[in-house]
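Student: The structure follows.
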Amino acid sequence: MDAKQAIEFMNQRRLDCIVHGGIETAFAKHYDLAISALSKQVPMKPVRVNIGRTESITDGCPVCGWHFFDAKPYCMSCGQKIDWD
Ligand SMILES: [Zn+2]
């Protein structure tokens, strides 16, 4: 099972918790936390972002928009894994 499959599995379990209602609804928050953490491990391509008033374009984090000045494996701001290939 890879990270994407694990996220899909947890999303389904999360929905099951919500459908059951009651105390099960509280468990959905645990899945939210796990899904959020695991999603950062699935590499995403950087996006093109504008750096403020200088109007120069650079690579940025697809999640939070952090500007990369060099190719780091993870976003320094939010921890998202970046796919530079
Ligand atoms: Zn980020």
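All of the numbers you see were taken from the coordinates with simple rules; none came from a lab. These numbers come from a predicted model, not from an experiment. Positions of Cβ are backbone-derived with ideal geometry, glycine not excepted, and every protein chain shown enters the neighbour counts.
Student: Can you list the cysteines of the chain that have no other Cys Cβ under 4.7 Å away?
Tutor: Result for the chain is CYS17, no neighbouring Cys Cβ within the cutoff.
Student: Pick from HIS30, HIS20, HIS67: which residue has the top mean-square fluctuation in a GNM of the chain where Cα pairs under 10 Å get a spring?
Tutor: Among HIS30, HIS20, HIS67, the largest mean-square fluctuation in the Gaussian network model of the chain belongs to HIS20.
Student: For the chain, what does the helix formula give at 222 nm: sum of -39500 (n - 2.57) over DSSP H segments with n ≥ 4, over the residue count, nearest 500 deg cm²/dmol?
Tutor: Mean residue ellipticity, 222 nm, calculated: -14000 deg cm²/dmol.
Student: Which angle from 0 to 90°, rounded to the nearest 10, does the C-alpha axis of helix 23-39 make with the longest principal axis of the chain?
Tutor: Relative to the chain, helix 23-39 is tipped by roughly 30 degrees.
Student: Output the direction-averaged projected area (hull surface divided by four) of the convex hull of the alpha-carbon atoms of the chain, in nm².
Tutor: The orientation-averaged projected area of the Cα hull of the chain comes to 7.1 nm².
Student: A follow-up question, please. List LEU38, LEU33 from most exposed to least, where exposure is judged by having the fewest other Cβ atoms within 10 Å.
Tutor: Ordered from fewest to most neighbouring Cβ atoms within 10 Å, LEU38, LEU33 come out as LEU33, LEU38.
Student: Give the residue list of GluC sites (Glu not before Pro) in the chain that are DSSP loop and have at most 13 other beta-carbon atoms within 10 angstrom.
Tutor: Counting only loop positions with at most 13 other Cβ atoms within 10 Å, the GluC sites (Glu not before Pro) in the chain are GLU55.
Student: If you count the DSSP beta bridges with both ends in the chain, what percent of them are antiparallel, to the nearest 5?
Tutor: 90 percent
Student: In debye to the nearest 20, how big a dipole does the chain give about its Cα centre with +1 on each Lys and Arg Cβ and -1 on each Asp and Glu Cβ?
Tutor: Roughly 140 debye for the chain.
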